[in-house]
Structure formats: structure tokens, C-alpha cells
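The values are calculated or read from the model by the stated rules, or taken from the named source; none is laboratory data. Note that the structure is a prediction, hence the values are computed from the model and not measured. When we count neighbours, we look across all protein chains shown, and the Cβ atoms used for this are built from the backbone with ideal geometry, even at glycine.
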Amino acid sequence: MNCPTKKEKEMCKQHECCCPKKECPNNGKCCACIANHRGKDGVPFCIFPNNDGKKDLESFYFKLKERRAAAEIWPFINEALKISGGAIAGDMTAVERELSSLADRHTGTRSALFAKYFLGGFAFNRGEYDESAELFQKAVKNIGKDPTLAFLLHTSVGSSLESKGKFEGAVESYGRAAEISGPSLRTIALFDKARALELAGKTSEAIALYRQIVEENPESLHRDLIEIKIARME
């Protein structure tokens, strides 16, 4: 397929094709390339954002959706962090309201989950533990397959419930965080779970879990503290 207009022919000549498949017969032939990908439910390399090698239109749509969400949400997250940290003056209530609206508008995206995570964190810092737990729990339902974000949200639910004195719920949330985490984060989640068990009055279970942590990770930074806790409980 040839470029249909003289202008398009000149554009193809002026710009070297960035596609790494130089052996492709359509390399450098924009119109032919687009027609070929359109027929295969895909898009050319030059306009496709990094998406782990996935080049179908559905993946392209979701990648653009994520990018648009990030462009709209993160400026408000950063502004809220600066206001809450005292770096700048501003109306925190208004910023949180806009951030919540954007999170709902871009539901299902990673940026929306981070928005709910930070909104929950702001509520937690104000001592509004019921609201923070609710925000974190809503985000957990749409977490997908992101282990780091899953850890952050499950442990945040646990912290909110623990602060309300709901230790059984905290134990469950910390346990879920431990299940989906790698070794280092798992140690943190198990330590939190053991502490919640201790606060719930389940001393024998707490001691057993503290000992499990040391056995699994002898070099844990929590080791000295764990040994002190065990000595006090026994």
C-alpha cells in the first residue's frame, strides 16, 4: 500500500521509522504499516506506549486509560501531600474532595487505587479510623495483581482496625498482607499480626508467631524487640 497523498509521502521520507523490526516490508511505510496493524487488531510500534510487549487494541486502550488517570490524579496527590506536610498552604478538604472524585472517575486504574490509599492515609492521620478503614477496604476490592499495593492496603486496613481496638480484624488484615508478600514485606506483616494477637490477649499465639518470624528470618531487624516481647509475655 502506498501513501495516498504527496504530503504523507514526504512525511514518511522526513522521519526515520523507529520500529525495531527493520526487516519488515512495511518499515518506514506509515500507511501500509497502519493498514497491516489495523487488520490484525493492533497498533504500530511508533504510537504504542510501553505495555510489556502487548500490542492488541484492548491493551492499548487500558494503557492509555492508566496514563490519563495518572496525569489527572497524581498532581492532586502531590498537592495533598505538600499541604498535609505543611510545605504549602491550601484547602485540604477541597483537594481531597477533588481527589476522591477523580478516583471514582478513573476506577479500576492503579492511580485511582493510590488515590484511595492516600485518602485513607490522610483520614488515618486525623484520627478518623472508621473512614480510613472504609477507604482502604474499598481499594482492596479492586486491587488486581499488584503485590506491593496489596501489601500497603491490607496493612493499612489492619492499622486502622487496630487503632479502633478491633484487633481480630487487624489480625486478619495483617495475615492477608503476609500471604501475598515476598520475604521482607512478609516479615513486617507477620510482626504486625503478632502485635495484634498480643493486643487481643492471645498471648500463646502471639509468642508462637514471634518465634516463627525469627526462624524464617534470623537477620530480622525486629529480632531484638521480638526477644524482649517474648520474655515479657512468658
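Residue-level check: of (1) in a helix (DSSP H, G or I); (2) within 30 Å of Phe114 (Cα to Cα), Leu221 misses just (1).
Candidates are the residues of the stretch 169-198 that are under 18 Å from Ser132 (Cβ atoms) and charged (D, E, K, R); the one that is surrounded by the most Cβ atoms within 10 Å (Cβ to Cβ) is Asp192. Consider the stretch 139-168 and keep the residues that are part of a helix (DSSP H, G or I) and of a type in the set (Val, Ile, Thr). The one that is surrounded by the most Cβ atoms within 10 Å (Cβ to Cβ) is Val157. Restricting the first member to the stretch 20-37 and to residues that are on the phi > 0 side of the Ramachandran plot, and the second to residues that are surrounded by fewer than 16 Cβ atoms within 10 Å (Cβ to Cβ), the beta-carbon pairs closer than 8 Å and six or more apart or on different chains are Gly28/Glu16. For the stretch 164-183, the criterion of being within 22 Å of the chain's Cα centre (by Cα), of a type in the set (S, T, N, Q) and closer than 30 Å to Glu96 by Cβ is met by at least one residue.
Yes or no: the stretch 113-124 includes at least one residue that is of a type in the set (D, E, K, R), surrounded by fewer than 19 Cβ atoms within 10 Å (Cβ to Cβ) and either farther than 24 Å from Phe60 by Cα or assigned by TED's automatic domain parsing to the domain that holds Glu198 (or both). Within the stretch 113-124, none of the residues are of a type in the set (D, E, K, R), surrounded by fewer than 19 Cβ atoms within 10 Å (Cβ to Cβ) and either farther than 24 Å from Phe60 by Cα or assigned by TED's automatic domain parsing to the domain that holds Glu198 (or both).
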